[in-house]
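Let me begin by presenting the structure, written as structure tokens, before commenting on it.
The values are calculated or read from the model by the stated rules, or taken from the named source; none is laboratory data. Small disclaimer: the values here were computed from a predicted structure and weren't measured. Heads up, the Cβs are rebuilt from the backbone with ideal geometry, glycines too, and the neighbour counts pull from every protein chain shown.
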Amino acid sequence: MDEWDLLEQGGTEAGAYEEIVRRHYQAAYLFARQILADDHQAEDVVQKAFVNIYVARERCERRAQFKTFLFRVVSNLAINELNRKKPHPSLSEVMPETQDGSSLSFADPHTAMPEQSLASQELGEMISAALWQLPPSHRAALYLREYQQMSYAGIAEVLEASLGEVKIWIHRGRGALQRILKPYLDRGESIS
């Protein structure tokens, strides 16, 4: 049963709406986290998105895939939240921590050499820091394209932008990442 059918049953059948949340919470949270750089705000935005959709379920139209619709709601709420909170986070605020308090490693767990693991972790940190230097629209478009494998048309719908704008954001975002990361990749310098 697809999400739109579950949404229709959400008010009458126990567990129907919980199934929608179970299917999409993680992806929606990661998307919100990518835009907001704050775990708690991302959780709040995603919960508010699911509540808003549930409350308005009778007025929701099946014009897009449910995930696209959900991401549009999350995007709007996250951007509203960003407009209230202007300062950008530091790298230490952006990087998630493990249970022991250390930074999350982006290294391949199958890497045998500690030097390679450290280099992968550093590269992951550099990419994360570089992403936070991009405007939110570029960052969101890149996230949806690279991590959610959304089509350009789907991204345009989620971000309520034209197809041309999305292509420009992704192109400029990739170019900016290349420029920002070039010193690190060429000489091993860190990003400030």
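For region 1-56, a residue qualifies if it is without any contact (Cβ under 8 Å) to a residue 12 or more places away in the chain and aliphatic (A, V, I, L, M), and the qualifying residues are 1, 14, 16, 51, 55, 56. The single condition from (1) within 24 Å of residue 131 (Cα to Cα); (2) modelled with pLDDT of 90 or more that residue 76 fails is (2). The residue list 143, 147, 184 contains one member that is surrounded by 16 or more Cβ atoms within 10 Å (Cβ to Cβ), at pLDDT below 85 and among the hydroxyl-bearing types (Ser, Thr, Tyr), which is 184.
With respect to residue 45, determine if the residue is surrounded by fewer than 16 Cβ atoms within 10 Å (Cβ to Cβ) and at pLDDT 85 or above.
On the way: surrounded by fewer than 16 Cβ atoms within 10 Å (Cβ to Cβ): no; at pLDDT 85 or above: yes.
Taking the combined requirement at face value, the residue does not satisfy it.
Filtered by the rule that a residue be in a loop (DSSP other than H, G, I, E, B) and modelled with pLDDT of 90 or more, region 48-57 gives no residues. Assessment of region 19-37 against the conditions (at pLDDT below 90, out of contact with any Lys or Arg (no Cβ under 9 Å at 6 or more places or on another chain) and either farther than 24 Å from residue 149 by Cα or of a type in the set (Val, Ile, Thr) (or both)) yields at least one matching residue.
Quick one: is residue 18 charged (D, E, K, R) and either in a loop (DSSP other than H, G, I, E, B) or under 25 Å from residue 128 (Cα atoms) (or both)? Please lay out each step first, then the result.
Working: charged (D, E, K, R): yes; either in a loop (DSSP other than H, G, I, E, B) or under 25 Å from residue 128 (Cα atoms) (or both): no.
Answer is no for this residue.
Pairing each residue of region 115-127 that is at pLDDT 75 or above and of a type in the set (D, E, K, R) with any residue that is surrounded by 15 or more Cβ atoms within 10 Å (Cβ to Cβ) and outside any helix (DSSP H, G or I), provided the two are 6+ apart or on different chains, yields C-beta distances under 7 Å for 125/95.
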